[in-house]
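Let me begin by presenting the structure, written as structure tokens, before commenting on it.
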Amino acid sequence: MSEQLTLSAEARDRAGKGASRALRREGRVPAVIYGNNEEPVSIHVEEKLLNKLLGTGHFFNSVVMVEVNGKSVRTLPKDVAFHPVSDRPLHADFLRVSEHAQVNVNVPVRFENEDASPGLKKGGVLNVVRHEVELIVDASAIPDDVVVDLKGFEVGDSIHISSVTLPKGAKTAIEDRDFTIATIVAPSALKSAEGDNETPTAEGEGE
């Protein structure tokens, strides 16, 4: 399960571009906490701390306890805007959630048992279609990843969400189709060799 992260914040009295620029000069990032039928709260957080959490690799699928004026608010990070040149965070959005709320999160896909896939052992290549899957889960039990077992898959096989065991209590946010997670394709060298062999035949048939 994804760990719970903590982020200290201060309430932001002034709004507007000028105030935001002033905060950024001080190494702070303007942010807002919204949702759960409560008024939005404007805050600012330390840029270094935000970057540290972003660097964990699972910031967007973790509960973040934002501490504002001595009070902890349970949130899910929803968006961080970055400067197009410097890549510094410019603004962050946090969604308030109750402890056992059903939330939508993008969870990374992890593949295992590659050595038990006949297709990969023959030289096939794993073509990942989705690196993340959007799940609906309990906010207190957000999984670290979705594990896809490659055992038994051959070249030409497609791995659909229906063949994946989702973490306990989770369901996919896309329910109207059995979407593809990955495919096992023939290596390009094998494809080109097959193509070379077919060319003379095709020409011969045309004569």
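Miscellaneous remarks
- Counting residues in the range 171-190 that are surrounded by 15 or more Cβ atoms within 10 Å (Cβ to Cβ), at pLDDT 90 or above and among the acidic types (Asp, Glu) gives zero.
- Subset of the range 1-28 (residues that are within 26 Å of Val137 (Cα to Cα) and either modelled with pLDDT of 70 or more or not charged (D, E, K, R) (or both)): Met1, Ser2, Gln4, Leu5, Thr6, Leu7, Ser8
- Options Arg74, Arg88; residue that is among the charged types (D, E, K, R), in contact (Cβ under 8 Å) with a residue 24 or more places away in the chain and closer than 28 Å to Ala141 by Cβ: Arg74
- If you go through the range 95-129 and keep only what is in contact with a strand residue (DSSP E or B) (Cβ under 8 Å, 6 or more places away or on another chain) and basic (Lys, Arg), you end up with Arg96, Arg110.
- Screening the range 112-161 for residues that are open to solvent by less than 30 Å² (accessible area, probe 1.4 Å), among the aliphatic types (A, V, I, L, M) and part of a loop (DSSP other than H, G, I, E, B) and picking the one that is modelled with the highest pLDDT gives Leu150.
- Residue under evaluation Thr165, criteria (1) hydroxyl-bearing (Ser, Thr, Tyr); (2) open to solvent by less than 60 Å² (accessible area, probe 1.4 Å); (3) under 20 Å from the mean Cα position of the chain (by Cα), criterion not met: (2)
The values are calculated or read from the model by the stated rules, or taken from the named source; none is laboratory data. These numbers were taken from a predicted model, which means no experiment stands behind them. Positions of Cβ are generated from backbone atoms using ideal geometry, with glycine treated the same way; all protein chains shown enter the neighbour counts. Calculation scope for accessible area: heavy atoms of the full protein, side chains included, ligands and nucleic acids excluded. Shrake-Rupley method; radii C 1.70, N 1.55, O 1.52, S 1.80 Å.
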